[in-house]
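Take a look at the structure below.
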Amino acid sequence: MKKTIYGAVFSMLMLVSAVFQQAQAAELIMLEQDACPWCKRWHAQIGPIYPKTSEGKLAPLRQVNIHKPLPSDLAGLRVEPFTPSFVLMEDGIELGRIRGYPGEELFWWLLSDLIKKLPENANTDSES
């Protein structure tokens with residue numbers, strides 16, 4: 001009886017985990033470093049609102065310091081010394097990147113072009 005209950009709980013946890021991973025398949029990786037003035041500017045101007053935007057919901061932000069070891073799931077990510085850099089990833093594959101922070105307006109424009117590369121958004125060009 002216990003094995004059946006544990007098996008059912010394990011199966012449910014695996015299903016929930018798979019659904020969550022699928023829902024979070026896209027990420028915007030922010031490559032940054034300490035004492036980066038442009039990173040600080042991005043955090044001040046965009047950081048507070050990013051998670052509330054449609055872009056932030058499609059590709060949640062994940063911050064990575066370029067001077068620390070990369071997480072194992074980002075081991076193949078090309079790290080450059082120029083920060084900030086924003087890398088749109090889906091299922092471990094880089095779809096594109098923005099090098100530097102060009103200011104609010106240009107950042108959103110460049111990001112919207114990147115977001116269109118996500119498979120679920122590939123056909124949104126005609127809606128914009």
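Coordinate-derived values only; no laboratory data. Just so it is clear, the structure is predicted and the values come from calculations on it, not from any experiment.
Explain nothing, just the number: relative contact order of segment 25-121, from Cα pairs under 8 Å at least 6 residues apart, as a whole percent. If you can, show how the numbers build up before the last one.
Details: 138 pairs, mean separation 34.5, N = 97.
Normalised by residue count, the contact order of segment 25-121 is 36 percent.
Of 52/116; 40/117; 57/116; 40/68, which ones are farther than 21 Å apart at the Cα?
On the way: 52/116 18 Å; 40/117 27 Å; 57/116 14 Å; 40/68 18 Å.
Going by Cα-Cα distance, 40/117 fall outside the 21 Å limit.
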